Amino acid sequence: MKKVALLATALAMVSGSALAADMRVKAVKAPPPVAFDPWDIAFGAGITNDYIFRGITQSNHKPSVNAYFEPRYNVTKDLQLYVGLGAASISFPNRAAAEVDAYGGVRATFGAFAVDVGAWGYLYPGGTCHYGAATDTAGVPLSLECQTNALLNGNVIKKDLSFFEVYGKVNYTFNDNFSLGGNVYYTPSFLNTGAEGTYASIVGKAIAPSAWFGASGIGMYVSGEFGRQWLGTSDSFYGVAAFPNGINYADYNTWNIGIGFTYKVFTLDFRYSDTNLSQGDCNAFTSDHTATFNGSFTPINPTGVGSKWCGAAGIVKLSADLTAMTNLK
C-alpha cells in the first residue's frame with residue numbers, strides 16, 4: 001500500500017508539472033517604437049567686436065550683431081534638407097541698412113564624410129548710390145541718385161550690392177577630436193560688381209578631450225582656415241581712366257586661426273584673421289568710405305587712397321546656438 005501511495009504522489013507531481021507547462025503565459029507587450037519626427041529648427045545669435053568675411057571687415061572694424069533661423073527636414077538620419085534666414089549689422093559705403101541672408105541646401109553623411117551643397121543669397125537693403133558724375137568712365141548714364149551723392153575720398157559704390165553664391169562643402173571626421181574639410185563658393189557677380197568670384201578654402205578643427213575639463217561641461221577647440229578668393233573684372237561703374245570698361249580686381253589669400261570655448265549652447269571664440277591684399281587693391285575692391293590718401297597707388301587704384309579693411313584683425317565673438325529637438329524638449 002505504501003508503494004502504491006508513493007507512485008500516486010509521483011504521478012500527480014508529474015501531471016501537475018505538465019499541466020503547468022501547457023498553461024498559456026500572458027505575453028508582455030513590447031513598448032511602442034519611438035515616433036520619428038523629421039522636423040527640427042536651429043536658431044541662434046551672436047555678437048562680435050568685428051564682423052570679418054573672408055578676411056575683410058563688413059562692419060568697419062566695429063561691433064556687429066547677428067541672428068539666424070534655420071528649419072530642417074531629416075529625410076533619413078543621413079540626409080537633411082534645410083533653409084535659413086539670417087541678418088547681421090554692417091557698415092558699408094552705400095549705408096545699406098543690414099545684411100540679410102537667405103539660403104538653402106542639402107546635407108548628407110556617408111560614414112565619416114559629410115557633404116553640404118546649396119545656394120546663399122546676400123541681400124543689402126536700404127543702400128544709396130554714390131558716384132558724383134552724370135556718367136561712368138565708359139559713358140554709361142547714371143541715375144540722379146548716383147549723380148547727386150559722392151564719397152569724400154573719391155570712391156564710388158552702387159545702391160544695391162546684393163548677390164548670390166552656390167557652394168559645396170565636404171568634411172571628414174577622423175575621430176572625436178579632429179576633422180578636416182574643404183569649401184568652394186561661386187558667384188557670377190560678387191557684391192553686384194559684375195565680377196565673377198570663386199572662393200575655395202581648407203578648414204581644420206581639433207577638439208580637446210572632454211577629460212581636460214572634467215565634469216564642468218566646458219569644451220575647447222582650436223580651428224583654422226586658409227582660403228583664396230579669385231575675382232574677375234567689374235562692370236564699367238567701377239572703371240578707372242586706364243580701364244574704363246571695368247577693373248580686374250586683385251585675387252587674394254586669406255587665413256584665420258583661433259581658439260574657442262563652449263559651455264552648453266554658448267561659444268566664446270578668439271580669432272586672428274588676415275589677407276595679403278595691399279591697401280590700394282583693398283580700397284579698389286571695397287570702396288571703403290573711411291579710406292584716406294596714403295600713396296597706395298596700384299593700376300586699379302590710381303587715386304592712391306588706401307584702405308585698412310583687409311589687414312590683420314583680432315576677433316572676439318560670443319554666440320548661442322540651439323536646436324528645437326535638443327534644447328527645447
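Going by what's in this entry, would Thr275 be described as within 30 Å of Ala67 (Cα to Cα), among the β-branched types (Val, Ile, Thr) and in contact with a strand residue (DSSP E or B) (Cβ under 7 Å, 6 or more places away or on another chain)? It is true that Thr275 is within 30 Å of Ala67 (Cα to Cα), among the β-branched types (Val, Ile, Thr) and in contact with a strand residue (DSSP E or B) (Cβ under 7 Å, 6 or more places away or on another chain).
Within region 260-273, residues that are on the phi > 0 side of the Ramachandran plot reach partners that are outside any strand (DSSP E or B) and open to solvent by less than 70 Å² (accessible area, probe 1.4 Å) with beta carbons closer than 8 Å, at six or more positions or on different chains, in the pairs Lys264/Gly217. When Asn283 is tested against (1) in a helix (DSSP H, G or I); (2) open to solvent by 40 Å² or more (accessible area, probe 1.4 Å); (3) not acidic (Asp, Glu), exactly one condition is not met: (2). Of all the numbered requirements in (1) surrounded by fewer than 16 Cβ atoms within 10 Å (Cβ to Cβ); (2) on the phi > 0 side of the Ramachandran plot, Asn60 misses one, and that requirement is (1). Among the residues of region 81-114, the ones that are under 13 Å from the mean Cα position of the chain (by Cα), of a type in the set (Gly, Ala, Ser) and buried (at least 16 other Cβ atoms within 10 Å of the Cβ) come to 5 in all.
Picking from residues in region 230-250 that are within 28 Å of the chain's Cα centre (by Cα) and open to solvent by 60 Å² or more (accessible area, probe 1.4 Å), the one that is farthest from Gly154 (Cα to Cα) is Trp230.
Can you name the residue in region 36-45 that is in contact with a strand residue (DSSP E or B) (Cβ under 8 Å, 6 or more places away or on another chain) and surrounded by fewer than 19 Cβ atoms within 10 Å (Cβ to Cβ) and is also farthest from Pro71 (Cα to Cα) among such residues? Before the answer, list the steps.
The initial filter retains those residues of region 36-45 that are in contact with a strand residue (DSSP E or B) (Cβ under 8 Å, 6 or more places away or on another chain), namely 38-45.
If we keep only those that are surrounded by fewer than 19 Cβ atoms within 10 Å (Cβ to Cβ) as well, we get 38-42, 44-45.
Numbers: Pro38: 11, Trp39: 8, Asp40: 6, Ile41: 4, Ala42: 6, Gly44: 12, Ala45: 15 Å.
Going through the qualifying residues, I end up with Ala45.
In the condition set (1) open to solvent by 50 Å² or more (accessible area, probe 1.4 Å); (2) within 19 Å of the chain's Cα centre (by Cα); (3) not hydrophobic (A, V, I, L, M, F, W, C), Thr254 is compliant with all but (1).
For region 115-163: of the residues being closer than 19 Å to Ala88 by Cβ and touching a helix residue (DSSP H, G or I) at 6+ places or on another chain (Cβ under 7 Å), which is most open to solvent (accessible area, probe 1.4 Å)? Please lay out each step first, then the result.
Pass one, region 115-163, residues closer than 19 Å to Ala88 by Cβ: 118-127, 157, 160-163.
With touching a helix residue (DSSP H, G or I) at 6+ places or on another chain (Cβ under 7 Å) added as a condition, the list becomes 160-163.
Details: Asp160: 71, Leu161: 8, Ser162: 31, Phe163: 17 Å².
Among them, the one singled out is Asp160.
Contact map, region 72-90: first residue farther than 17 Å from Gly44 by Cβ, second residue surrounded by fewer than 18 Cβ atoms within 10 Å (Cβ to Cβ) and β-branched (Val, Ile, Thr), Cβ cut-off under 6 Å, separation 6 or more or different chains; pairs are Asp78/Thr109; Leu81/Val106. Quick check on this structure: which one of Val170, Val222, Val203, Val166 is assigned to a strand (DSSP E or B), among the β-branched types (Val, Ile, Thr), within 15 Å of Arg54 (Cβ to Cβ) and open to solvent by 20 Å² or more (accessible area, probe 1.4 Å)? The match here is Val203. When we screen Thr198, Thr193 for residues that are more than 20 Å from Asp116 (Cα to Cα) and either modelled with pLDDT of 95 or more or not basic (Lys, Arg) (or both), the only hit is Thr193.
Inside region 267-280, residues that are within 19 Å of Ala313 (Cα to Cα) and crowded, with 18+ Cβ neighbours inside 10 Å make up a count of 8. Looking across region 201-253, the residues that are farther than 25 Å from Asn276 by Cβ and touching a residue at least 60 places away in the same chain (Cβ under 8 Å) come down to Ser236, Phe237, Ala241, Pro244, Asn245. For region 291-329, a tally of residues being open to solvent by 60 Å² or more (accessible area, probe 1.4 Å), modelled with pLDDT of 95 or more and assigned to a loop (DSSP other than H, G, I, E, B) returns 7.
The conditions of being touching a residue at least 40 places away in the same chain (Cβ under 8 Å) and either out of contact with any Asp or Glu (no Cβ under 8 Å at 6 or more places or on another chain) or not hydrophobic (A, V, I, L, M, F, W, C) (or both) are not met by Phe190. Out of curiosity, is Arg72 on the phi > 0 side of the Ramachandran plot and surrounded by 15 or more Cβ atoms within 10 Å (Cβ to Cβ)? Judged against the criteria, Arg72 is not a match.
The values are calculated or read from the model by the stated rules, or taken from the named source; none is laboratory data. All of these numbers come straight from a predicted model, not from anything done at the bench. Heads up, the Cβs are rebuilt from the backbone with ideal geometry, glycines too, and the neighbour counts pull from every protein chain shown. Remember, those area values only see protein heavy atoms, side chains included, never the ligands or the DNA or RNA. Shrake-Rupley method; radii C 1.70, N 1.55, O 1.52, S 1.80 Å.
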